[in-house]
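**Q** The following block contains the structure, expressed as structure tokens.
The values are calculated or read from the model by the stated rules, or taken from the named source; none is laboratory data. Please read these numbers as outputs of a predicted model, since none were measured by experiment. Here the Cβ positions follow ideal geometry from the backbone for every residue, glycine too, while neighbour counts run over all protein chains shown.
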């Protein structure tokens, strides 16, 4: 089963983002909020960055991997230099990316956003179940 990135646990989603953003080196941008991103005509840099992360996640077929397998990839890349999409990634570069995400408050934003997603998901499950739709766990 292919697991969309948004259905992964938040900590795993962030690890995926750290790995992929290490090669993207996304510029600083404010996450804003969902409502402004939806109505704003200019592409939000934060949404563009996540779009790129999701594209690479799909290209790498990481949706087919289990959470444990992705954790193993993350742990391995933190231990030894690894070629990733044709670029040699040093473990320290991943740590620097995580630090950058923390400094820009992106990690905090995603963790808080996850709480709101969880509430929405819990509210939506009974409604969707009435129509025979089951969300992935």
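**Q** Could you tell me whether the range 61-79 includes any residue that is more than 21 Å from residue 111 (Cα to Cα), surrounded by fewer than 14 Cβ atoms within 10 Å (Cβ to Cβ) and touching a helix residue (DSSP H, G or I) at 6+ places or on another chain (Cβ under 8 Å)?
**A** So far as the range 61-79 goes, yes, one or more of its residues are more than 21 Å from residue 111 (Cα to Cα), surrounded by fewer than 14 Cβ atoms within 10 Å (Cβ to Cβ) and touching a helix residue (DSSP H, G or I) at 6+ places or on another chain (Cβ under 8 Å).
**Q** Identify the single condition in (1) in a helix (DSSP H, G or I); (2) modelled with pLDDT under 95 that residue 92 does not satisfy, given that it satisfies every other one.
**A** Single failed check for residue 92: (2).
**Q** Which of (1) at pLDDT below 95; (2) in a helix (DSSP H, G or I); (3) out of contact with any helix residue (DSSP H, G or I) (no Cβ under 8 Å at 6 or more places or on another chain) is the odd one out, the single condition residue 46 does not satisfy?
**A** Here residue 46 meets the rest and fails (3).
**Q** Moving to a separate point now. If residue 116 meets every condition in (1) surrounded by fewer than 11 Cβ atoms within 10 Å (Cβ to Cβ); (2) within 17 Å of the chain's Cα centre (by Cα); (3) modelled with pLDDT of 90 or more apart from one, which number is that one?
**A** (3)
**Q** So residue 21 passes all but one of these: (1) under 16 Å from residue 77 (Cα atoms); (2) assigned to a loop (DSSP other than H, G, I, E, B). Which condition number does it fail?
**A** All conditions are met except number (2).
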